[in-house]
Each structure stands twice: as C-alpha cells, then as structure tokens.
Amino acid sequence: MSATAQIVNLLISTFFSLAIGILWVRFLLQLVQADFYNPIAQWIVQVTTPVLKPMQQLLPVVKGWNISALALIFLLQLVNMTLIAVLSGHGTLSPLVLLFGGVFQLLYMATEFYFWLLLVSVVLSWISPGYSPFGALVAQLAEPALAPFRKILPPMGGLDLSPIVAFLAIQVVQILLGTVARQFVGFI
C-alpha cells in the first residue's frame, strides 16, 4: 500500500473514530442519565443534535436508549469499513461480512472505550480528587460499569479494587469477541 493510501486510511479512520466516539458518549450520557448541565455534556449534545434530531423522528428514544444514535453509530461503522476496504484494494465487502464485522467492531470499540474510560477514572481519582466537569462526567459514565464489581469486591480500607476486576472482565470480553470473530471469518 502506498504512503498516500496509508495517509488517507489514517485520516478516514480517525474521522470515523472521532464521530463514532462522540455519538457513543451521547448515547451513554442518555443511558446513564448523566448531568446535562455539565458543560462537556452540553457541548456533546450541541454537536450531535443536528444529526440525531431528524433521525429521532423515525427512531425515538426508548427507555433511555437513543436508538437513532445507535443506528447512526452502526451506519458510520459500515461506511468506515467499506471505505477502508475499497481504498485498501479489497473491493466491496459482502453484506454478511459488513453486518457481522460491523457488530464485532462496535462491540470491541465499546470495550476499548470502557477500558480507557475506567483508566482515566482511576488516574483522575489519584491526581484530581476535587470536582471538575470532566472528572464528574467520567465518573458518571464509569459508575454503571463499576457498580456490579463493587458489589462483589467492596472498598477495602478506602482502596477501591473494582477497576482491576473490571479491566480483567473487559479483557475477557475482548478475547471472546476476537475468538468469535475469527471463527466467523473462517465460517465465511
């Protein structure tokens, strides 16, 4: 692959990763009922509303699940996969590969997102224990992922070990996703 093609692939992947990431955060903000008075949350809502508002006419929010955000995330992932495949010289992908590949990649991206979110949460708890809009938003998004592990492993003398168990669980899910994805590719 030429240097130009690599640069174009990098730019396309970066653009789609950022767009999907912002939409993913918007979806999670609604799902966890985060504080929408937070300036960062307000910015995310302001950026995503022009794209999501027309879609919400067709796909409304159901019990906190922003179906239009999920649909747009999936659609962006399919476009990203198609563009990368075409630019890499693989041609267009079959609908089955697109469908399952998109699902696996989005699930993997969700686990990666939570891995980094939990890591940032842990680091912020060490270096910035006071209030900050970013720290509050990270805590609100991370809490639903940590809550089940805190029930299993309560804080020990002020030390919260639940993120360690959460990191292990995320890695187990990533291994399982990778195994199923490889078996799927062998099946096709």
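The values are calculated or read from the model by the stated rules, or taken from the named source; none is laboratory data. Everything numeric here is computed off the predicted structure, so don't read it as measured data. In this analysis, Cβ positions are derived from the backbone assuming ideal geometry, glycine residues included, and neighbour counts consider all displayed protein chains.
Annotation: of all residues in region 94-104 being out of contact with any Leu (no Cβ under 9 Å at 6 or more places or on another chain) and free of Cβ contacts under 8 Å to residues at least 40 places away in the same chain, the one that is farthest from residue 177 (Cα to Cα) is 95. Which residues, counting only those in region 2-55, are of a type in the set (Ser, Thr, Tyr) and farther than 24 Å from residue 111 by Cα? The answer is 2, 4, 37, 49.
Screening region 1-16 for residues that are surrounded by 15 or more Cβ atoms within 10 Å (Cβ to Cβ) and either among the basic types (Lys, Arg) or modelled with pLDDT of 90 or more (or both) and picking the one that is nearest to residue 133 (Cα to Cα) gives 16. Just one of (1) modelled with pLDDT of 85 or more; (2) hydrophobic (A, V, I, L, M, F, W, C); (3) out of contact with any strand residue (DSSP E or B) (no Cβ under 9 Å at 6 or more places or on another chain); (4) surrounded by fewer than 18 Cβ atoms within 10 Å (Cβ to Cβ) fails for residue 67. It is (3). Screening residue 99 against (1) assigned by TED's automatic domain parsing to the domain that holds residue 35; (2) more than 20 Å from residue 32 (Cβ to Cβ); (3) under 18 Å from the mean Cα position of the chain (by Cα) leaves a single unmet condition, (1).
Note on region 115-133: residues that are over 22 Å from residue 170 (Cβ atoms) and part of a helix (DSSP H, G or I) total 2. For region 113-133, enumerate the residues that are touching a residue at least 24 places away in the same chain (Cβ under 8 Å) and closer than 15 Å to residue 28 by Cα. Within region 113-133, 113, 114, 115, 117, 118 qualify. Every residue in region 41-79 that is touching a residue at least 12 places away in the same chain (Cβ under 8 Å) and touching a Pro at 6+ places or on another chain (Cβ under 8 Å), please. The one that is touching a residue at least 12 places away in the same chain (Cβ under 8 Å) and touching a Pro at 6+ places or on another chain (Cβ under 8 Å): 68. Which members of region 60-84 meet the condition of being outside any helix (DSSP H, G or I) and either within 20 Å of the chain's Cα centre (by Cα) or within 17 Å of residue 20 (Cβ to Cβ) (or both)? The answer is 61, 62, 63, 64, 65, 66.
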